[in-house]
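The values are calculated or read from the model by the stated rules, or taken from the named source; none is laboratory data. As the structure is a prediction and not an experimental result, all values here were calculated from the model. Cβ atoms come from the backbone with ideal geometry, glycine included; neighbour counts cover every protein chain shown.
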Amino acid sequence: MSDSVISAHKPATRRVFITGASSGIGTVLARHYAANGAILGLVARREELLKALREELNTECICYTADVRDAEAMKAAAEDFMQRHGTPDIVIANAGVSRGTLTEYAEDLPTFRAIMDINVLGLAHTFHPFIAPMRKEKRGQLVGIASVAGVRGLPGAGAYSASKAAAISYLESLRVEMSKDDIAVTTICPGYIKTPMTDANPYPMPFMISAEAAANKMAKFIARKRRYVVMPWQMAIVARVMRILPAWLWDMISKNAPHKLRF
């Protein structure tokens, strides 16, 4: 864990803690909040990318090299950030992984576990250290990045779909639990966003948007404290249709769908 800090060049108005900050959505969210003067706590596994990001941000920023699967490391990062800057206003659990998986392959079983650990337990490990301080102060916002893939099971992506479905349900439970303490919980379900994660997909990805556009939209939803949102709007319509399709029709439509690559 690195405790490198750079001095702020403009007054910080908010304190924002973001996981998965070394690439994709996490990076552009960090840039967005930095441009608005926030004090940042950034977490990722790839230290060299975190350091490069820290150097470009024009705000006070603390970087932590940690894996969201490691509850103790996440607790240590959270406690260090709060000791320096107090309870964050926004905690964004963005870290996630996507891999193609097939149950018939024994070598895919560890991948199933890793995806569930990162995409589901990683949320709880990220949020846990902040809940008591937020509850004491009766304020704060917890944001979980889920996915449209959690709406229905996608062939070839059983672990990913299951993890995002679990994330959606977990965040809904958490939202209700936190409401009595004035702690907002926001679930964001993106469709296809151009990031290194989607660059590996070998099939068409409708309604894809850039990471920068996605981050700007997410920040607006977070500022409004939206409870649950699917983005972009075209994918929100698709998600509603997916939810209501009967099982037999969903099976017929999706059985020949292209699969996410296995690694």
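Against the test of being surrounded by fewer than 17 Cβ atoms within 10 Å (Cβ to Cβ) and among the hydroxyl-bearing types (S, T, Y), the options T103, T111, T87 yield a single qualifying residue, T103.
Inclusion of H85 among residues that are farther than 22 Å from I193 by Cα, under 16 Å from the mean Cα position of the chain (by Cα) and modelled with pLDDT of 95 or more is not warranted. When segment 233-249 is limited to residues that are out of contact with any Gly (no Cβ under 6 Å at 6 or more places or on another chain) and surrounded by 15 or more Cβ atoms within 10 Å (Cβ to Cβ), the one that is nearest to I209 (Cα to Cα) turns out to be A236.
Within segment 39-62, the set of residues being free of Cβ contacts under 8 Å to residues at least 40 places away in the same chain and in a loop (DSSP other than H, G, I, E, B) comprises R45, R46. Listed by first and then second residue, the pairs linking a residue in segment 205-217 that is under 13 Å from T27 (Cα atoms) to a residue that is surrounded by 15 or more Cβ atoms within 10 Å (Cβ to Cβ) and among the small types (G, A, S), with Cβ atoms under 8 Å apart and 6 or more places separating them unless they lie on different chains, are A211/G24. Just give me the residues in segment 219-232 being assigned to a loop (DSSP other than H, G, I, E, B) and more than 21 Å from T198 (Cβ to Cβ), in sequence order. Residues satisfying the conditions are R224, K225, R226, R227.
For segment 238-256, the set of residues classified as out of contact with any strand residue (DSSP E or B) (no Cβ under 9 Å at 6 or more places or on another chain) and without any contact (Cβ under 8 Å) to a residue 24 or more places away in the chain consists of V241, I244, P246, A247, W248, L249, D251, M252, I253, N256, listed by residue number. Among residues of segment 60-81 being surrounded by 21 or more Cβ atoms within 10 Å (Cβ to Cβ) and under 19 Å from S23 (Cβ atoms), the one that is nearest to the chain's Cα centre (by Cα) is V68.
Do we find a residue being in contact with a Lys or Arg (Cβ under 9 Å, 6 or more places away or on another chain), outside any helix (DSSP H, G or I) and among the hydroxyl-bearing types (S, T, Y) anywhere in segment 206-218? Yes: segment 206-218 contains one or more residues that are in contact with a Lys or Arg (Cβ under 9 Å, 6 or more places away or on another chain), outside any helix (DSSP H, G or I) and among the hydroxyl-bearing types (S, T, Y).
From the list A211, A215, A165, A219, the one residue that fits, being at negative phi, touching a Leu at 6+ places or on another chain (Cβ under 6 Å) and crowded, with 16+ Cβ neighbours inside 10 Å, is A215. Taking segment 105-202 and the helices (runs of 4 or more DSSP H) fully enclosed by it, the elements with 2 or more residues that are under 28 Å from T87 (Cβ atoms) and under 13 Å from the mean Cα position of the chain (by Cα) are at 122-137, 158-179.
Taking the listed residues A76, A30, A12, A21, the one that is at pLDDT 95 or above and assigned to a loop (DSSP other than H, G, I, E, B) is A21, with no other qualifying. For segment 233-263, residues that are assigned to a loop (DSSP other than H, G, I, E, B), at pLDDT 90 or above and either of a type in the set (S, T, N, Q) or under 19 Å from the mean Cα position of the chain (by Cα) (or both) total 0.
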